[in-house]
Structures are given as C-alpha cells and as structure tokens.
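The values are calculated or read from the model by the stated rules, or taken from the named source; none is laboratory data. No experiment lies behind these values; they were computed from the predicted model shown. Using ideal geometry, Cβ is built from the backbone for each residue, glycine included, and neighbour counts are taken over all protein chains shown.
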Amino acid sequence: MTKNPEFRPSWLFRNGRTIRVCGELLILGKSVIRHTQAEIRRFHAMMLVDRAAPGDGKKAQTLLREALETYTHIGMPRHIEMTQTLLDQAVGG
C-alpha cells in the first residue's frame, strides 16, 4: 500500500467546509437510521396484525404510532399516509 503524502487527516478538521459537509452527512445518517427504525416498526406491526394472537393488536398499534411519529418528524408524507391507514385498520379491526 502506498502512502499519499498529500493526505493529512488533521486538515479535515481545519477546513470549515469539510466540517460542515461531515455534519450534514451525520445528520443524513441519523435520518436514515430513524427511517430504518420506523420501517422495522411498521413491518413488525403488519406481521402482528396478520398473526392476530392475543395482545398483537395493541402492540401493533403502539409500533405504528411510533413509526408515524418518526415519519412525521423526518417529513415522509407517503409513509405517514401508509402508516395512518394501517393504524386505522389495526384500531378498527
């Protein structure tokens, strides 16, 4: 492996633009994690509704409300709509 003499890791923290870009990537990364967590909650809730064992409906509603809160926070209108529809079905069903 050859070393690049131009590469200076400490430079990254002296350049305001690079720090800003890194910060934006960090924020983006957190949004991706939140989105993934919401997706897992929504899919888990769908499985619980399909299974319909005792207590599954209540747990599904909790998961869907949590997913709905996350989708609202990160601004995903289509996912909000899908999750609200599932929640309405879980409450009504």
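Of all residues in segment 47-88, those being among the aliphatic types (A, V, I, L, M) and free of Cβ contacts under 8 Å to residues at least 12 places away in the same chain number 3. Considering only residues of segment 1-55 that are of a type in the set (Phe, Trp, Tyr) and assigned to a helix (DSSP H, G or I), which is modelled with the lowest pLDDT? Per the stated criteria, the residue is Trp11.
Hey, can you tell me all the residues within segment 50-61 that are loosely packed, with under 15 Cβ neighbours inside 10 Å and under 13 Å from Val91 (Cα atoms)?
We begin by selecting, within segment 50-61, every residue loosely packed, with under 15 Cβ neighbours inside 10 Å; these are 50-55, 58.
Scanning segment 50-61 gives Ala52, Gly55, Lys58.
Just to verify a result, which residue in segment 66-81, among those that are of a type outside the set (Gly, Ala, Ser) and surrounded by fewer than 16 Cβ atoms within 10 Å (Cβ to Cβ), is farthest from Leu28 (Cα to Cα)? My answer is Glu81.
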